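Read through the structure below, which is laid out as structure tokens, and then see the notes.
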Number of protein chains: 2
Amino acid sequence: MEARKVADDGGALAVALAEAQAGRAEGGIPIGAALIVDGEVRAVGRNRRVQAASVIRHGETDCLENAGRLPAAVYARATMVTTLSPCDMCAGAILLYKIPRVVIGENRTFRGAEDLLRARGVEVVVLDDAACVALMDSFIAAEPALWHEDIGEA
Amino acid sequence: MEARKVADDGGALAVALAEAQAGRAEGGIPIGAALIVDGEVRAVGRNRRVQAASVIRHGETDCLENAGRLPAAVYARATMVTTLSPCDMCAGAILLYKIPRVVIGENRTFRGAEDLLRARGVEVVVLDDAACVALMDSFIAAEPALWHEDIGEA
């Protein structure tokens, strides 16, 4: 658990983006996430497909795993912050734990299950952040096969 | 990778049920899964909340993780077999990887995102297996708090 405070959604996104950038520096897929509870960073995570040969550790799910086993009451006041629009699996994890709010860096390079989240009552905020878009654009151009693998495409 | 052949859905469910029973014997949540490709068991998995303090390793996601990084063409001819109706996260993982067919042991003790799977074109078969029901009934009666934690409830 970390004690970092974040002032607002932009500050929280900066934490998630730092995770994404760290992932890229490791040769991984640059998607990061942060779980914010009561204005503090409870956990961070990043996509681990390359680093851990993982097919289930996306940014959001890695972040939830790093947060550990939490009571439902903690998830109920959490915000999941992610650099990229959540895929079906990550949206499902957010729904499973009834996290009521999701902040998304960008949904231009990939648009996930935002409609499902909204239909189930989750507040979804899209910040349309230029740095998040640039990081994914550069990654997808450099590593198209790896990117397609991560989203279940041929 | 394992080379076990399964004759039919019932044979595949027996493999998943053995995983669930192994999880119960470890003090864990008794939900198991198997990924079947071309009539063979490609991987098995079981809920690891207790054993690994994991919040993302449900039966199905643990099974996908154990299967490793697979090409989309392999997922495209796979069947996910699970002892219990898949939760939102596990259904999302099935959708992410475009697994076209899901076999469910039972959905009496918990009903997950079967409607979402069907709406997205996944074939869903429910075997209504008495041994799967009995295992979950016994577990839920013995460990209600642990069970509620696993499905994100208070």
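Condition first: farther than 14 Å from residue A:31 by Cβ, out of contact with any helix residue (DSSP H, G or I) (no Cβ under 8 Å at 6 or more places or on another chain) and among the hydrophobic types (A, V, I, L, M, F, W, C). Can you find one or more residues in segment A:116-132 that meet it?
So far as segment A:116-132 goes, yes, one or more of its residues are farther than 14 Å from residue A:31 by Cβ, out of contact with any helix residue (DSSP H, G or I) (no Cβ under 8 Å at 6 or more places or on another chain) and among the hydrophobic types (A, V, I, L, M, F, W, C).
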- prompt: Do any residues in segment A:131-154 that are farther than 16 Å from residue B:72 by Cβ have Cβ atoms under 7 Å from those of residues that are among the small types (Gly, Ala, Ser) and assigned to a helix (DSSP H, G or I), where the two are at least six apart or on different chains, and which pairs are they?
  reply: A:135/A:20
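In segment A:108-129, how many residues are among the aliphatic types (A, V, I, L, M) and either closer than 20 Å to residue B:112 by Cα or at pLDDT below 95 (or both)? Working first, answer last.
In the first step, residues of segment A:108-129 are kept if they are among the aliphatic types (A, V, I, L, M); the result is A:113, A:116-117, A:119, A:122, A:124-127.
The next check asks that each one be either closer than 20 Å to residue B:112 by Cα or at pLDDT below 95 (or both); those that pass are A:113, A:116-117, A:119, A:122.
Count: 5.
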message: Tally up the residues in segment B:92-101 that are over 19 Å from residue B:9 (Cα atoms) and either assigned to a helix (DSSP H, G or I) or more than 10 Å from chain A (Cβ to nearest Cβ) (or both), please.
response: 4
- request: Kindly check whether there is at least one residue in segment B:61-76 that is hydroxyl-bearing (Ser, Thr, Tyr) and closer than 21 Å to residue B:3 by Cβ.
  value: yes
- request: Among the residues of segment B:13-62, write down those that are surrounded by fewer than 24 Cβ atoms within 10 Å (Cβ to Cβ), touching a residue at least 40 places away in the same chain (Cβ under 8 Å) and of a type in the set (Gly, Ala, Ser).
  value: B:43
- prompt: From the list B:49, B:77, which residue is within 13 Å of chain A (Cβ to nearest Cβ), within 23 Å of residue B:107 (Cβ to Cβ) and more than 13 Å from the chain's Cα centre (by Cα)?
  reply: B:49
query: Does segment A:102-109 contain at least one residue that is among the polar types (S, T, N, Q), more than 7 Å from chain B (Cβ to nearest Cβ) and over 19 Å from residue B:90 (Cα atoms)?
result: yes
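The values are calculated or read from the model by the stated rules, or taken from the named source; none is laboratory data. Source: prediction; values computed, not measured. Counting neighbours? That spans all protein chains shown, and the Cβs are built from the backbone with ideal geometry, glycine included.
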